[in-house]
1. For Leu29, indicate whether it is more than 23 Å from Leu304 (Cα to Cα), at pLDDT 95 or above and more than 15 Å from the chain's Cα centre (by Cα).
2. Given the structure, is Arg250 at pLDDT below 95 and of a type in the set (D, E, K, R)?
3. For the stretch 330-341, give me each residue that is out of contact with any Asp or Glu (no Cβ under 7 Å at 6 or more places or on another chain) and either surrounded by 13 or more Cβ atoms within 10 Å (Cβ to Cβ) or in contact (Cβ under 8 Å) with a residue 12 or more places away in the chain (or both).
4. Inside the stretch 81-184, counting only strands (runs of 3 or more DSSP E) that do not spill past its ends, which hold 3 or more residues that are polar (S, T, N, Q), in contact (Cβ under 8 Å) with a residue 40 or more places away in the chain and in the same structural domain as Leu280 (by TED's automatic domain parsing)?
5. Can you pull out the residues in the stretch 255-284 that are surrounded by 18 or more Cβ atoms within 10 Å (Cβ to Cβ), within 16 Å of Ser239 (Cβ to Cβ) and over 22 Å from the mean Cα position of the chain (by Cα)?
6. Just one of the numbered conditions (1) without any contact (Cβ under 8 Å) to a residue 24 or more places away in the chain; (2) of a type in the set (D, E, K, R); (3) surrounded by 16 or more Cβ atoms within 10 Å (Cβ to Cβ) is not true of Arg249; which one?
7. Looking at the stretch 169-180, which of the residues that are of a type outside the set (D, E, K, R) and surrounded by 21 or more Cβ atoms within 10 Å (Cβ to Cβ) is farthest from Phe131 (Cα to Cα)?
Amino acid sequence: MLDVLIAGAGPAGAIAARALALRGARVLLIDRETFPRDKLCGDTLNPGAIELLREVNLTGGALAMGLPIAGMRVTGPGASVVARYRDDRRGVSVRRRDLDLWLLNQAVAAGVRFEPGLTAQSALTVDSADFVAVRGLVIRDRSGVVTRMPASVTIAADGRRSAVARSVGLGANPASPRRWAYGAYFHADNPAPEAVIGEMHVRAGWYAGAVRVPGDLINVCVVVDRPPAGLQPIELMRSFLRRDPELSRRFATAEPVEPVSVLGPLAVDASSAGLPGLFLVGDAAGFVDPMTGDGLNLAMRGALVAADEAMRVLESGDWTGAVERLNVRRQQVLGSKLRFNRWVRRLTASSAGVYAAGLAAAVAPGIVRKMIVEAGDAA
């Protein structure tokens with residue numbers, strides 16, 4: 001039997017797999033996709049994420065290919081604030097297809113076995129009168145063959161629509177907010193600067209993020225509440241970008257270099273980080289609103305916390321209290337950031353909240369700068 005079976009080879013799955021393999025566990029990592037593959041994302045790692053990767057000896061590679069991020073510019077109704085990180089703190093912009101492939105290769109180099117083309121359909125469960133326990137996964141290959149794959153520890157890293165989490169009742173989309181993301185790459189008109197400034201433009205009912213990425217491209221993501229029906233993705237993006245003079249001038253008539261990607265509804269809540277036999281990591285454990293730019297950082301930190309608890313279970317052979325310990329540890333490590341994320345999500349869910357935030361930024365920009373820097377772990 002496998003020690004650890006992980007569904008999902010994105011950053012959370014790859015980081016957890018690598019950490020466990022380096023400590024001697026036999027790990028199988030599966031994903032329905034073949035890598036490299038494209039992924040709708042803001043394509044940014046904030047300074048906290050870069051520091052985390054450095055702590056686990058992951059440097060160079062895709063990070064060296066990326067562009068350094070020196071800070072963030074946040075705009076709202078009647079306000080614009082630029083916050084720069086300290087000189088020794090930098091984020092990185094890098095396309096997810098490049099980042100994810102690099103992290104996966106690092107996991108394989110550590111001894112992880114990777115099998116693409118396998119989709120996790122559900123958890124493999126053992127039911128009793130008192131509890132449900134997970135003992136692996138039910139997987140389907142590309143030809144449609146379904147197999148039961150047992151493992152001592154199962155980790156679901158299969159994203160915000162995690163089939164594994166939902167199969168055991170741990171994941172669901174909340175009634176509110178119901179946001180959808182639309183993302184595309186556009187050609188940049190000028191050479192890349194030595195360090196780029198990420199952008200977040202917050203408006204009533206929607207917001208847009210933009211960042212320069214390698215390859216003379218700009219990643220633009222538009223996130224909207226309950227998108228109108230009947231529009232093609234590029235037309236929907238343009239319809240919102242045209243509402244803002246600056247964004248309209250830059251992007252409303254530009255042609256994307258690739259088809260627009262769509263993702264939604266975004267918000268996902270998980271009632272627990274697992275149950276006996278199963279841990280959730282990354283978006284499967286609860287989706288982080290992309291507005292804060294902290295999604296990858298939180299996903300990877302949560303994955304390392306889960307890997308520590310998984311190793312403890314493997315060494316002891318005892319699941320007693322494991323899920324409770326993981327829930328507590330996640331709150332200790334991630335709790336303040338998750339609370340900040342939920343606060344931002346609530347604030348921007350109403351027009352009044354957006355305008356109040358814009359007024360606050362105009363009156364007290366220093367407070368907003370401090371929040372931006374602290375959100376990026378760059379204080």
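1. On the way: more than 23 Å from Leu304 (Cα to Cα): no; at pLDDT 95 or above: yes; more than 15 Å from the chain's Cα centre (by Cα): yes.
It is false that Leu29 is more than 23 Å from Leu304 (Cα to Cα), at pLDDT 95 or above and more than 15 Å from the chain's Cα centre (by Cα).
2. On the way: at pLDDT below 95: yes; of a type in the set (D, E, K, R): yes.
Taking the combined requirement at face value, the residue satisfies it.
3. Of the residues in the stretch 330-341, the ones out of contact with any Asp or Glu (no Cβ under 7 Å at 6 or more places or on another chain) are 330-336, 338-340.
Within the stretch 330-341, Arg330, Gln331, Val333, Leu334, Leu338, Phe340 meet the criteria.
4. Working: elements: 91-93, 113-116, 118-127, 132-141, 146-156.
By residue number, 118-127.
5. Pro256
6. (3)
7. If we filter the stretch 169-180 for residues that are of a type outside the set (D, E, K, R), which is where we start, we get 169-177, 180.
In the following step, the residues that additionally are surrounded by 21 or more Cβ atoms within 10 Å (Cβ to Cβ) were identified as 170-171.
On the way: Leu170: 14, Gly171: 18 Å.
Per the criteria, the residue is Gly171.
Let's see how each residue does on (1) at positive phi; (2) touching a Leu at 6+ places or on another chain (Cβ under 7 Å):
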| site | (1), (2) |
| --- | --- |
| Gly277 | yes, no |
| Asp283 | no, no |
| Val288 | no, yes |
| Met291 | no, no |
| Gly302 | no, yes |
| Ala307 | no, yes |
| Met311 | no, yes |
| Leu314 | no, no |
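The values are calculated or read from the model by the stated rules, or taken from the named source; none is laboratory data. Quick caveat: nothing in here was measured; it's all calculated off a predicted structure. Positions of Cβ are backbone-derived with ideal geometry, glycine not excepted, and every protein chain shown enters the neighbour counts.
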